[in-house]
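Presented below is the structure to which this report refers.
The values are calculated or read from the model by the stated rules, or taken from the named source; none is laboratory data. Remember, it's a predicted structure, so these values are computed and weren't measured experimentally. Neighbour counts run over all protein chains shown; Cβ positions are idealised from the backbone, glycine included.
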Amino acid sequence: MSIRIFIANWKMQLSPSESIKTARSFTRAFKNDNSQIIVCPDFLSLPAIAKEFKNTNLLLGAQDAAAYERGAYTGEVAASDLASLGVSYVLVGHSERRSYLQEDDKLLAAKIRMILDQKMVPVLCVGENAAERKQGRVSSVIRNQLKGALQNLSSHDLRSCLIAYEPVWAIGTGLNCESTKALQVKNIILEWCQRSGVKKMIVLYGGSVKPENASSFLVAGAFDGLLVGGASLRADTFKKIVRA
């Protein structure tokens, strides 16, 4: 079995001091774990956590990256600076950024280009909201998001990306996405990738993942790993998900 990938997205939940404390608990909890663990703290915490993760098997991720090279872009963080800190993976197009910050596909495509140019791995998040699912538009929404962000990539660059399916309607709402529904979307993603010249694509699931439901998304033939939000803020809870 290939190594599963688990991404801890701490969002803006922890202060820098809390992030360091949590990072240390992660290094203890996953000292001998063979899974691929990626931690995405806030930007301010990245330098300190990079030091904490040095000489460990934990990988550093970022929650976003600028779509531009260096320049007059107030508030942005360059992909080159992330790479210099040792960041390996970068989230792109998380549902919260699409919703709260109105990020569009053109912007996401530019971010992915910057991330790839710095030899980091973009993790593109795609997913439908409740209205789109109710209208029966899941397939078209997912395909359009993939096309908008990835269509200009070569098949070689596309193979360097990861895709995370996160049903927007199941994030922070108390609703759960059944694994059967999630797998239907995974197949839509794989079909689009195959038509774009990539036979095998790593697809993660993210949407109110907890220790109680994690295993349903990791059974044979299911997802290649998980993108975890709130349940990743404690090392012991996240470890239960990894061991599911």
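So here's what we get for this one:
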{"quantity": "Filter result for residue 176 (closer than 22 Å to residue 208 by Cα, at pLDDT below 95 and not charged (D, E, K, R))", "calculated": "yes"}
{"quantity": "Per-region count, the stretch 192-244, residues closer than 15 Å to residue 165 by Cα and assigned to a loop (DSSP other than H, G, I, E, B)", "calculated": "11"}
{"quantity": "Hits in the stretch 51-76 (condition: surrounded by 17 or more Cβ atoms within 10 Å (Cβ to Cβ), free of Cβ contacts under 8 Å to residues at least 60 places away in the same chain and not aromatic (Phe, Trp, Tyr))", "calculated": "52, 58, 59, 60, 62, 63, 64, 65, 66, 67"}
{"quantity": "Considering residues of the stretch 217-244 that are within 26 Å of residue 138 (Cα to Cα) and surrounded by fewer than 18 Cβ atoms within 10 Å (Cβ to Cβ) only, the residue nearest to the chain's Cα centre (by Cα)", "calculated": "230"}
{"quantity": "Selection status of residue 106, part of a helix (DSSP H, G or I), buried (at least 21 other Cβ atoms within 10 Å of the Cβ) and out of contact with any Leu (no Cβ under 6 Å at 6 or more places or on another chain)", "calculated": "no"}
{"quantity": "Among residues of the stretch 125-150, those that are within 24 Å of residue 63 (Cβ to Cβ) and part of a loop (DSSP other than H, G, I, E, B), counted", "calculated": "3"}
{"quantity": "Matching residues, the stretch 109-124, being surrounded by fewer than 19 Cβ atoms within 10 Å (Cβ to Cβ), of a type outside the set (Asp, Glu) and assigned to a helix (DSSP H, G or I)", "calculated": "110, 113"}
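For every residue, the table says whether it meets (1) modelled with pLDDT under 95; (2) of a type in the set (D, E, K, R).
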site: 4; (1), (2): yes, yes
site: 9; (1), (2): no, no
site: 13; (1), (2): no, no
site: 21; (1), (2): no, yes
site: 27; (1), (2): no, no
site: 34; (1), (2): yes, no
site: 55; (1), (2): yes, no
site: 61; (1), (2): no, no
